[in-house]
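A quick write-up on the structure given underneath.
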Amino acid sequence: MTCLKDKLRQRIMSDGPLSVAEYMTLCLSDPQFGYYTTREPFGRKGDFITAPEVSQMFGELIGAVCLGAYESLGAPEAVQLVELGPGRGTLMADFLRVAVQRPAFLNAARLNLVEMSPRLRQVQSDTLKTAPLQPEFRDHFAQVPDGPLIVIANEFFDALPIHQFVKTASGWQERQVGLDDKGNLVFGVGVARLPDTAIPAGAVSASDGSILETQPAANAIAEEIAARIAKHGGIALFIDYGYAKSAAVDTLQALYKHSYDDVLAHPGEADITAHVNFETLALAAQAAGAVPLPLLEQGEFLLRAGLLERAGSLGAGKSPHQQDSIRDAVERLAAPDQMGSLFKVLAVTTDGIPFAPFDPAP
Ligand code: SAH
């Protein structure tokens, strides 16, 4: 039994069942017992390895692509460089190593890290200690100063709370976390319903028991960023595992010590995430006046950005063992059966700005 489990039990006994969104929020960010507050989730010892932790090439290629975008934006004299949920700060360290080749960019940029965990802020500061830009920490994107933007979010949106609805005879009812007779956490359904207008075409004929997810928190942040981009110019890169079209799917998952786990088994100890619905994320950005470019799978994005060329130059003159590990990293990041297809990259831009390696908006 974890301490968070006790806290959740007491809360449910006094206030009633939690929505899935409330459950996710408490598991990930409870100030006392939350997963990001208390754990070291990343790297080989943690519960998962993210793309920047697989290889330095990931952050370097993102850096190169963003420097290209900075030129497309007309090389503004001041630009807000923003990363949402920077983890250990690895991606940004790799990005800034590439940025050293463009002093004009470094002179123009202010580095904003949006991170809620005080512990991870410390890790990020340490990682960036010798970097050419020093971070300014923000609790929310809204605190980032105005101006042209370059925004990066890798595996950030999947950690934001989603709501789930279960198809029943009387419509789509909100899924909740309550208690059984023995005091165990169990799923149930509440009275809140999803209005008919909110049901995507792909879910209209779903059978009873099907699950539909909504991500108001993720969409609201995408909208906020897009509104700034529409006003001040800029680009954003949203990289995550997710799906391209809305459908009735249950993607809520828990990872505990590198294995999938029962979502209710280890609150606060397991990482709880959901796949990102890129269709609604793009629609939210568009509604705010920015332009979402056609979605790319991560593998395609990295190959277009020059992954093989970068791997070649990184491996030149290295030992066979080092070359093998670079080859493994390329596979892991880009192969369709690894991170290449499940992970997707959504670019959001100012109208009419070319943003290689993305195709222009149709
Ligand atoms: N981008 C990193 C880490 C991904 S994990 C990588 O690719 O390795 C998710 C990150 O988002 C963590 O740093 C976590 O603390 C942060 N985070 C999660 N929810 C957040 C929120 N609501 N506000 C700010 N940061 C958040």
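The values are calculated or read from the model by the stated rules, or taken from the named source; none is laboratory data. Just so it is clear, the structure is predicted and the values come from calculations on it, not from any experiment. Every residue, glycine among them, receives a Cβ derived from its backbone with ideal geometry; neighbour counts consider all protein chains shown. Just the protein is used for accessible areas: all its heavy atoms, side chains included, with ligands, DNA and RNA removed. Shrake-Rupley method; radii C 1.70, N 1.55, O 1.52, S 1.80 Å.
What to note about this one:
- Considering residues of the range 120-130 that are within 28 Å of Glu223 (Cβ to Cβ) and not polar (S, T, N, Q) only, the residue most open to solvent (accessible area, probe 1.4 Å): Arg121
- One residue stands out among those in the range 335-362 that are among the small types (Gly, Ala, Ser) and open to solvent by 20 Å² or more (accessible area, probe 1.4 Å): the one that is nearest to Ala284 (Cα to Cα), which is Ala361.
- The range 45-95, subset away from the ligand (no atom under 12 Å from the Cβ) and under 21 Å from Ser117 (Cβ atoms), residue surrounded by the most Cβ atoms within 10 Å (Cβ to Cβ): Leu81
Yes/no per residue for (1) surrounded by fewer than 19 Cβ atoms within 10 Å (Cβ to Cβ); (2) under 16 Å from Ala284 (Cα atoms):
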{"site": "Ile221", "(1), (2)": "no, yes"}
{"site": "Glu224", "(1), (2)": "yes, yes"}
{"site": "Leu237", "(1), (2)": "no, yes"}
{"site": "Asp240", "(1), (2)": "no, no"}
{"site": "Lys245", "(1), (2)": "yes, yes"}
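- Number of residues in the range 85-130 that are in a loop (DSSP other than H, G, I, E, B) and within 20 Å of Leu149 (Cα to Cα) equals 7.
- Within the range 104-119, the residues that satisfy the criterion of being of a type outside the set (A, V, I, L, M) and open to solvent by less than 10 Å² (accessible area, probe 1.4 Å) are Phe105, Asn112, Ser117.
- Matching option when the condition is at pLDDT below 95 and either in a helix (DSSP H, G or I) or surrounded by fewer than 19 Cβ atoms within 10 Å (Cβ to Cβ) (or both), among Leu308, Leu255, Leu302: Leu255
- The range 258-280 residues that are among the β-branched types (Val, Ile, Thr), paired with ones that are assigned to a loop (DSSP other than H, G, I, E, B) (beta carbon under 6 Å, 6 or more apart): Val263/Leu252
- Condition check for Leu133: open to solvent by less than 10 Å² (accessible area, probe 1.4 Å) and either more than 11 Å from the ligand (Cβ to nearest atom) or within 18 Å of Val98 (Cα to Cα) (or both): no
- Residues that are free of Cβ contacts under 8 Å to residues at least 40 places away in the same chain number at least 2 in the following helices (runs of 4 or more DSSP H) confined to the range 1-74: 3-15, 56-72.
- Scanning the range 258-280 for residues that are closer than 18 Å to Gly183 by Cβ and touching a helix residue (DSSP H, G or I) at 6+ places or on another chain (Cβ under 7 Å), we see that the one that is surrounded by the fewest Cβ atoms within 10 Å (Cβ to Cβ) is Gly268.
- The range 167-176, subset in contact (Cβ under 8 Å) with a residue 40 or more places away in the chain and surrounded by fewer than 22 Cβ atoms within 10 Å (Cβ to Cβ), residue nearest to the ligand (Cβ to nearest atom): Glu174
- Count - residues of the range 136-165 that are among the aromatic types (Phe, Trp, Tyr), away from the ligand (no atom under 13 Å from the Cβ) and touching a helix residue (DSSP H, G or I) at 6+ places or on another chain (Cβ under 7 Å): 0
- Given (1) touching a residue at least 40 places away in the same chain (Cβ under 8 Å); (2) surrounded by 17 or more Cβ atoms within 10 Å (Cβ to Cβ), index of the condition Asp208 fails: (2)
- Exactly one residue among Gln322, Gln338, Gln286 is modelled with pLDDT of 95 or more, in contact with a helix residue (DSSP H, G or I) (Cβ under 8 Å, 6 or more places away or on another chain) and within 16 Å of Ala244 (Cα to Cα), and that residue is Gln286.
- Considering the range 10-33, the residues that are among the charged types (D, E, K, R) and at pLDDT 95 or above include one that is surrounded by the most Cβ atoms within 10 Å (Cβ to Cβ), namely Glu22.
- When Val144 is tested against (1) closer than 20 Å to Gln56 by Cβ; (2) open to solvent by less than 10 Å² (accessible area, probe 1.4 Å); (3) out of contact with any Leu (no Cβ under 9 Å at 6 or more places or on another chain), just one condition goes unmet, and that condition is (1).
Yes/no matrix, rows are residues, columns are (1) assigned to a strand (DSSP E or B); (2) in contact with a Ser or Thr (Cβ under 8 Å, 6 or more places away or on another chain); (3) modelled with pLDDT of 95 or more:
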position: Glu174; (1), (2), (3): yes, yes, yes
position: Phe187; (1), (2), (3): yes, no, yes
position: Val191; (1), (2), (3): yes, no, no
position: Ala220; (1), (2), (3): no, no, yes
position: Ala230; (1), (2), (3): no, yes, yes
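- Of residues in the range 193-205 being open to solvent by 70 Å² or more (accessible area, probe 1.4 Å) and outside any helix (DSSP H, G or I), the one nearest to Leu252 (Cα to Cα): Arg193
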